[in-house]
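Below is one structure, written out as structure tokens; the observations come after it.
The values are calculated or read from the model by the stated rules, or taken from the named source; none is laboratory data. The structure displayed is predicted, hence computed values, not measured ones. Here the Cβ positions follow ideal geometry from the backbone for every residue, glycine too, while neighbour counts run over all protein chains shown. These area figures cover heavy atoms from the full protein model, side chains too; ligands, DNA and RNA do not enter into them. Shrake-Rupley method; radii C 1.70, N 1.55, O 1.52, S 1.80 Å.
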Amino acid sequence: MTLAYESGSPYALLFMDTILPEVDGQSALRQIRAYESSRGIPGKGACKVLMVTALSEPGMVEEAFANRCEGYINMPYSRFMIDK
């Protein structure tokens, strides 16, 4: 993520699972937002983050939005569900 900003080609959109191998998605999102804040990257210039999970825990959803994610997708999902 930092290399993308430093190279002048930041990510516009990031889909991130809440369960990652080395760090959980919530911690990674906090690190991304802290980096953006430390570099003075404004809200509209920040990377848009959609959290994805198979877990249905309301607390995780609240935490993700508190960490400034733009959306939260519970799996499994299908096009049929999205069209509704």
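Within the stretch 31-77, restricting attention to residues that are in contact with a strand residue (DSSP E or B) (Cβ under 8 Å, 6 or more places away or on another chain) and among the charged types (D, E, K, R), which residue is least open to solvent (accessible area, probe 1.4 Å)? Out of the qualifying residues, it is Lys48.
Within the stretch 20-49, residues that are among the acidic types (Asp, Glu) reach partners that are open to solvent by less than 70 Å² (accessible area, probe 1.4 Å) with beta carbons closer than 6 Å, at six or more positions or on different chains, in the pairs Glu36/Ala46.
All conditions in (1) open to solvent by less than 40 Å² (accessible area, probe 1.4 Å); (2) at pLDDT 85 or above hold for Asp24, with the sole exception of (1).
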